[in-house]
Each structure stands twice: as C-alpha cells, then as structure tokens.
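Asks: Next up is a structure, given as structure tokens.
Please treat every number below as a calculation from the coordinates, not as lab data. No experiment lies behind these values; they were computed from the predicted model shown. Note that we place each Cβ from the backbone using ideal geometry, even for glycine, and neighbour counts take in every protein chain shown.
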Ligand code: GH3
Ligand code: MG
C-alpha cells in the first residue's frame, strides 16, 4: 500500500513537473501560462516531497520532507490566485505581495522545531508524518482558502460577464480546480485521525488533464475575458441604454461622440434625460420602438433603431437605442439612384426615366394640363462620325445635351432617346409654344460652334413637336413627335415641325 502511494505521488509529481515545463514554454503566447506553470510546479513539489517523506529511512528526514511540502502548497495557492486575477481581466498581483506569505511560511516551518506554532506535535504515521496542527498551520490554511475563494469568485464573475463562447473556458477552468480543492478539504477537515495521507497533489493531475484537454479541444488558452461591454465599446455604431424614464444609463464611445455632435455644450450624459441632451425631434423618436432615419444638424444622416428591453414579467426595464451614421451610405444610394436614371455619356436622363416620367405626366395631362414633347435628332450626324471619328461625335452629343439642359426650365426634362436623338418634355406647354422654344434652341445650336481637338464644328438639328392628345398614351405622343421629326428631315433638316393630332405634321 505504502509503495503504491509512493509511486502515485512520484508519478503525479513527475507528470506535473513536465506539465509545468511545457506550460512555461508557452509563456510568451499567453499571460496565463506563467501562473499555470507555477500551480503545476507547486503541485509537483508538493507531490514529490510527499513521496520523499514516505520513503525517508528515518523519522528526521521524513519530517524534513514533510515540512518541505509547504513551499509547494504556497506556490499552488499563489499561482492559482495569480491565474484567476489574469483570467478575470485584472492586473496580475504584485510578486512582492504574493511572496509575503510563502516567505513567512518558510521562516515559520524552518524554525518550527523550536516554537511549535506550525505543528504542535509530530509523530510517525502509517502514511508518513502525523502532525497536530498549531495556529501557524491554520493561518496558512485560512490564507490559502481565502485566496482560492476570492480567485474563484473573480472567475465566476468574469464568466458571467464574458461573451457566450468564452464561458465554456471558464467552466472547464473551475471544473479543473474542483478536484484538488475537494481532496484538500477532505484531508484538512475530515481526515481527523490524521494518518498522514494527503492525496491533494495527486488530484492536481485531474486539474492538469482537464485544463490540458480544455486547451486542446479548441477552447482557447487565453482565458482573459472578452466582455459584452468590450464588444459594445468596440462598435462603431452608437449604443445608448436608457432607463424606463428616458435617462441615460450607459453609452458607448461612439454614442458619446454622436451626443457631443448633437449637443456640443452637453458634457457627460449619464443620468441625464434624453430631452436634456437632444432636441424634441430625437425625443419623439425614442418614445417609439422601431427604425427611423434622422438628419443631423450638419447634414449627416443617422439610422436609429429603438428596442425596448423587458423584464421577465413584461414590464419595461429600459430602452436600447442604436444609431448608425449612414451619411456616406445615403450619399452612395442617392448617387446610384441618380446613375440609374441618367445616360452615361451625356448626363441627361435616360430612356427608361423618360418612359417613367412620360407615364406620370400623362396622368396629369389627362386632368387638362397640356403636355408637349420635342424630339430632336442631329442632322447628318453620321457624317460627323465619319469625318472626325466617334469620339468627336460623342463630344458633339455632350455639347448639345448641355445646351439643351441649360435652356429648359426646372420642371422640364431632357432625355436621350436613342443614339443622337433627344426628347425634351415640357409639362404645361402646348405644342405651338413648345415649337417656339424648340426653334430657339435650334437657332442657338446652329449659331454655336463646337470646339474639338480636330477643329471647330457646326451642327444643326431637326425636331418634331407633339402634344399629348386627350386619351392618348405616351407611346402615341412619341410616335407623333417621331413622325413630325421624320417630316422635318424630309423637308430639308435644321427645322422644327409640329405634329397634328390627326398625325399630319404642320410646318411651324
Ligand atoms: P439624319 O440627318 O437623317 O439624322 O442623318 P444622320 O447621319 O444623323 O442619321 P443616321 O441615323 O444615318 O446616323 C446616326 C449616326 O449616329 C449613326 C450612329 O453611328 C451614330 N451614333 C449613334 N449613337 C452614337 C453615339 O453614342 N456616339 C456617336 N459618336 N455616334 C453615335
Ligand atoms: Mg441624325
């Protein structure tokens, strides 16, 4: 039996020593490696000295080894506490502080044969030395358990604050710590007959295996906590937590920045009501749940999401407001929307937008408002392309588009209908008036020259004008204008013709 226990102590001690060395080598990778290797080195010392105490040939050396157990115990306690401090996100304790008790302990046990404050009485037992503990021993035990308890509480608190994926790590850490703690409690408080057997150091093997397994099975060795508070601080979205009365309970750094922009004179907001910090516009929005888009004082746009937090009984415990600066997103969205309705070359509206606008305008026209369009086609444009090249042709189209855009009213619309064809929509304008305007543009175009790298160019255009007839569709309108344009071309170009509702064009 004795031999088996010696083997157990020695085996456990050696394994703990190897584990301590392996963990020590990982010290640059994680701040937890050093305290962990200290725990394991302590357990190794505890175990090996226990083995030595058992194999010592006489009582004197056995007692010496028995006393030598305690520095190992002190290392385990110090390492455990250090580990829990780091694991719970605190600064590691100062080495000077953590060394006080072990040094005192060594001093006390070294001189114990003279004052007997650690052990009142010692004698040989069946499993080593049997001792009657004195006050020094109990102070040491109490110190160890207080440190272990504080460390455990820190870890439990850190576990509760940690993000979900990390809680498992803490759970396994605590499970690993339970075996030796339970073993030690039994030894200290229940093994009252004190036959000298203490299996605590052996139980550290369970700890080692559990911690080792938890590291290997993908649970990160970094037990330094990531809390929800840290996650929320890192968000670029502004997160604000309000109590049921609308007072600020918490804001993340992004929210502090946002609130400072909304209320430059503001200062700290915690404890203040929403109304004291932001204008009524914002206040009304927070009263409701859901999502709103709000424009800030200097043109920035925010997406606000308001979520009520409820207690288990359904009563309101507060509100979470998440605000995101979507100014850039909105700008891009507006740009994309604009791009979708514009012609890439000339920048005027495209055919699709022309159809949509004509459809909408046709409804208004049905209520008695006249609606005319001017369909414009560059004369002999093919010749421009042939003579100067396609790029110069493009330049001419851009030039004409600019000229038309600059000549129309705000409510008019210039669109590119096809290759070198444009349509101008003139709401509220009857055909004759539209033709007058179109003729003005025609003369302007004929009078201006287009400067190109290959020389100065002159172009003219022909146009067909049509007015939407009662019951007519946008397609009819386009067809009528196209027919008038065709006639204008046939009649010699550089002129404007108005389509008759009967579909016979009339010279303007
Ligand atoms: P007309 O006076 O009868 O209108 O004669 P035209 O030469 O202007 O008419 P036609 O329909 O024969 O030729 C139109 C030309 O416009 C043919 C085509 O290559 C050119 N075109 C169409 N789209 C573009 C464009 O985006 N850029 C350039 N540079 N040319 C274009
Ligand atoms: Mg043409």
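Asks: Mind checking the angle between helix 351-366 and the chain's longest principal axis? C-alpha axes, 0 to 90 degrees, to the nearest 10.
Replies: Helix 351-366 sits at roughly 60 degrees to that axis.
Asks: If you take every DSSP beta bridge fully contained in the chain, what fraction is antiparallel? Give it as a percent rounded to 5.
Replies: Percentage antiparallel, nearest 5: 95.
Asks: Still on this structure: In what sequence do 342, 387 fall when counting other Cβ within 10 Å, fewest first? Intermediate results must be reported in sequence, preceding the final value.
Replies: Details: 342 16, 387 13.
In increasing order of surrounding Cβ atoms, one gets 387, 342.
Asks: Let me ask something additional. Where the convex hull is taken over the Cα atoms of the chain, what is its projected area averaged over directions, in nm²?
Replies: If I average the Cα hull's projected area over directions, I get 41.8 nm².
Asks: Which ordering of 412, 475 is given by a fewest-first count of other beta-carbon atoms within 10 Å?
Replies: Fewest-to-most Cβ neighbours within 10 Å comes out as 475, 412.
Asks: By counting other Cβ atoms within 10 Å of each Cβ, how are 2, 351 ranked from fewest to most? All intermediate terms of the calculation are to be shown ahead of the outcome.
Replies: Details: 2 11, 351 14.
Lowest to highest Cβ neighbour count: 2, 351.
Asks: Quickly rank 233-243, 55-65 as a protection proxy: mean count of other C-beta atoms within 10 Å, highest first.
Replies: 233-243, 55-65
Asks: Once you have a ≥ b ≥ c as the square roots of the Cα gyration tensor eigenvalues for the stretch 341-507, tell me rounded if a/c is under 1.5, and otherwise prolate or oblate according to whether a/b is larger than b/c.
Replies: Values: a/c = 2.06, a/b = 1.58, b/c = 1.30.
It comes out prolate by the Cα gyration axes.
Asks: Under 8 Å for C-alpha pairs, at least 6 residues apart: give me the relative contact order for the stretch 2-216, rounded to a whole percent.
Replies: Values: 301 pairs, mean separation 44.1, N = 215.
It comes to 21 percent, rounded to a whole number.
Asks: Convex hull over the Cα atoms of the stretch 418-471, averaged projected area in nm²?
Replies: Taking a quarter of the hull surface, the average projection is 5.0 nm².
Asks: In addition: Suppose the chain between residue 114 and residue 99 were pulled fully straight at 0.36 nm per residue; how much longer would it get relative to their current alpha carbon spacing?
Replies: Extra length available between residue 114 and residue 99 comes to 3.0 nm.
Asks: Explain nothing, just the number: relative contact order of the stretch 282-371, from Cα pairs under 8 Å at least 6 residues apart, as a whole percent.
Replies: Computed over the stretch 282-371, the figure is 16 percent.
Asks: Relative contact order, percent, of the chain when contacts are C-alpha pairs under 8 Å separated by at least 6 residues? Display every interim value, and only then the final one.
Replies: Values: 840 pairs, mean separation 43.0, N = 508.
It rounds to 8 percent for the chain.
Asks: Starting from the Cα of residue 333, step 7 Å toward the Cβ, then list every residue of the stretch 226-246 with an amide N under 20 Å from that point.
Replies: Under 20 Å, as judged by backbone N against the label point of residue 333, lie 236-239 of the stretch 226-246.
Asks: By how many nm would the segment from residue 167 to residue 145 lengthen if fully extended, with 0.36 nm per residue of separation less the alpha-carbon distance?
Replies: Separation in residues times 0.36 nm, less the Cα-Cα distance, equals 5.5 nm.
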